[in-house]
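**Q** If you scroll down you'll find the structure; I have some questions about it.
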Amino acid sequence: MSTGVTDGVAVEQMIYTWVFALVNALVLLVYAPLLDGIGRKIRARIQRRRGPSILQTIYDLRKLYCMPGIIDGYSGRYARYAPALTMALAIMAGLIIPSFLPADTGCDLIVAAYLLVAVSIALTYGSLSMSIPYSVVGGCREASLMMASELCFAGAIASIAAAYGTLYIAVASPIIRLDPFKPSMIIAAAVLAIIAYVEGLNLPFEISEAEPELAGGALIGYGGRTLALLMHSSMIKETLFIALLVDLLFPWSILGTGPVGLVLRIAVFTVLTTFIYMVMRMLDTVYGRYTPRQAIRALKRVGLASIIAVILASIGW
């Protein structure tokens with residue numbers, strides 16, 4: 001009898017987990033472009049302009065989704081599948097990485113990193129399959145930036161694993177604790193914050209632009225529905241990097257469980273992710289664009305910091 005009750009509770013818990021995961025993914029489809037709209041408004045205000053509505057990005061995506069997909073006719077076969085694949089990977093990452101609701105899907109940092117990196121890889125390979133030179137140049141620049149940033153990302157993950165002996169997000173969170181206090185986790189948190197900023201292609205790391213076009217760099221060969229898929233998935237990826245940072249820094253256990261805990265989590269997560277995104281957009285407005293060489297040189301310093309974090313975590317600091 002007790003076994004049957006236990007199995008029933010486990011099934012019920014699993015259903016709640018995946019319902020929460022599905023809700024997270026669906027909300028991200030709207031929340032990510034809403035954040036982009038907030039970023040556009042902030043940029044306009046800093047530049048002393050009125051700027052568009054915070055819903056403008058949602059309007060733009062809706063208009064593009066209603067248009068037929070446009071792809072360079074001389075592009076490779078993979079370029080045709082890249083938009084749908086990129087969006088599918090972004091949605092999978094949204095299902096796995098906890099965000100608004102505590103979807104305890106058993107995700108560890110390796111799976112989260114794999115899915116987030118796969119979004120960038122799918123988009124980059126699509127641009128490299130184009131016959132348009134600007135697209136290929138933009139894809140090469142983005143690939144070089146991606147490889148450098150992901151090495152830093154891997155170093156931060158390795159330091160967390162060395163410090164707490166786990167890759168499980170729910171167990172490692174929060175990574176910055178007073179008991180025991182580990183200086184390596186301060187460095188790891190800083191590296192994760194920088195990588196979240198870089199992966200959003202914020203200035204000065206927006207080096208994929210090969211020409212100042214409406215859809216420049218890696219996206220220049222796409223239009224209509226296919227462009228919307230790539231832009232939308234990039235926004236979701238950036239939001240999920242911020243979500244992962246928030247997941248690892250905030251002590252979610254203090255919010256408790258039950259309906260009150262769920263409401264508090266939604267409120268705290270929304271406030272923190274919006275605040276971090278706003279800070280990133282403010283910095284994006286201040287900086288000028290790096291050259292590819294300068295961007296890689298800057299990420300080498302971040303990579304060195306991640307190595308230091310791994311060493312300190314390995315010796316218990």
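The values are calculated or read from the model by the stated rules, or taken from the named source; none is laboratory data. Only a predicted model underlies this, so the values are computations on that prediction, with no experimental measurement involved. Please note: Cβ atoms are built from the backbone with ideal geometry, for glycine as well, and neighbour counts cover all protein chains shown.
**Q** Scanning segment 67-111 for residues that are within 30 Å of LEU264 (Cβ to Cβ) and in contact with a Pro (Cβ under 8 Å, 6 or more places away or on another chain), which turns out surrounded by the most Cβ atoms within 10 Å (Cβ to Cβ)?
**A** CYS107
**Q** Next question, about the same structure. Every residue in segment 256-265 that is surrounded by fewer than 17 Cβ atoms within 10 Å (Cβ to Cβ) and part of a helix (DSSP H, G or I), please.
**A** Result: GLY258, PRO259, VAL260, GLY261, LEU262, VAL263, LEU264.
**Q** Related question: Evaluate the following for ALA190: is it at pLDDT 85 or above and either part of a helix (DSSP H, G or I) or surrounded by fewer than 19 Cβ atoms within 10 Å (Cβ to Cβ) (or both)?
**A** Details: at pLDDT 85 or above: yes; either part of a helix (DSSP H, G or I) or surrounded by fewer than 19 Cβ atoms within 10 Å (Cβ to Cβ) (or both): yes.
Yes; evaluated as a whole, the condition is true for this residue.
**Q** Within segment 193-210, which residues are within 20 Å of the chain's Cα centre (by Cα) and part of a loop (DSSP other than H, G, I, E, B)?
**A** Within segment 193-210, GLY200, LEU201, ASN202, LEU203, PRO204, PHE205, GLU206, ILE207, SER208, GLU209 meet the criteria.
**Q** Return the total of residues in segment 169-185 being in a helix (DSSP H, G or I) and over 23 Å from VAL111 (Cβ atoms).
**A** 1
**Q** Something else about it: Helices (runs of 4 or more DSSP H) wholly in segment 1-107 with at least 1 residues that are touching a helix residue (DSSP H, G or I) at 6+ places or on another chain (Cβ under 9 Å), more than 18 Å from ARG281 (Cα to Cα) and modelled with pLDDT under 85 - which ones?
**A** 2-46, 77-96
Here is a yes/no grid of residues against (1) charged (D, E, K, R); (2) within 30 Å of PRO83 (Cβ to Cβ); (3) surrounded by fewer than 23 Cβ atoms within 10 Å (Cβ to Cβ):
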| position | (1), (2), (3) |
| --- | --- |
| LEU128 | no, yes, yes |
| SER131 | no, yes, yes |
| TYR134 | no, yes, yes |
| GLY138 | no, yes, no |
| ALA158 | no, no, yes |
| ALA170 | no, no, yes |
| SER173 | no, no, yes |
| ILE176 | no, no, yes |
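**Q** Report yes if ILE46 is surrounded by fewer than 20 Cβ atoms within 10 Å (Cβ to Cβ) and under 22 Å from GLU206 (Cα atoms), otherwise no.
**A** Here the answer is yes, as ILE46 does meet what is asked.
**Q** Still on this structure, I have one more. Taking LEU85 as the residue in question, decide whether it is of a type outside the set (Val, Ile, Thr) and more than 30 Å from VAL171 (Cβ to Cβ).
**A** Here the answer is yes, as LEU85 does meet what is asked.
**Q** Going by what's in this entry, would LEU201 be described as farther than 26 Å from ARG43 by Cα and either modelled with pLDDT of 90 or more or not small (Gly, Ala, Ser) (or both)?
**A** When the stated conditions are applied, LEU201 does not pass them.
**Q** Further question on the same structure: Any residue at all in segment 239-250 that's outside any loop (DSSP other than H, G, I, E, B) and more than 18 Å from PRO174 (Cβ to Cβ)?
**A** yes
**Q** Continuing with the same structure: Going by the structure shown, is ARG281 in contact with a Lys or Arg (Cβ under 9 Å, 6 or more places away or on another chain) and part of a helix (DSSP H, G or I)?
**A** When the stated conditions are applied, ARG281 passes them.
**Q** Then there's this: Please work out if ALA218 is farther than 21 Å from PRO102 by Cα, in a helix (DSSP H, G or I) and either among the aromatic types (Phe, Trp, Tyr) or at pLDDT below 85 (or both).
**A** yes
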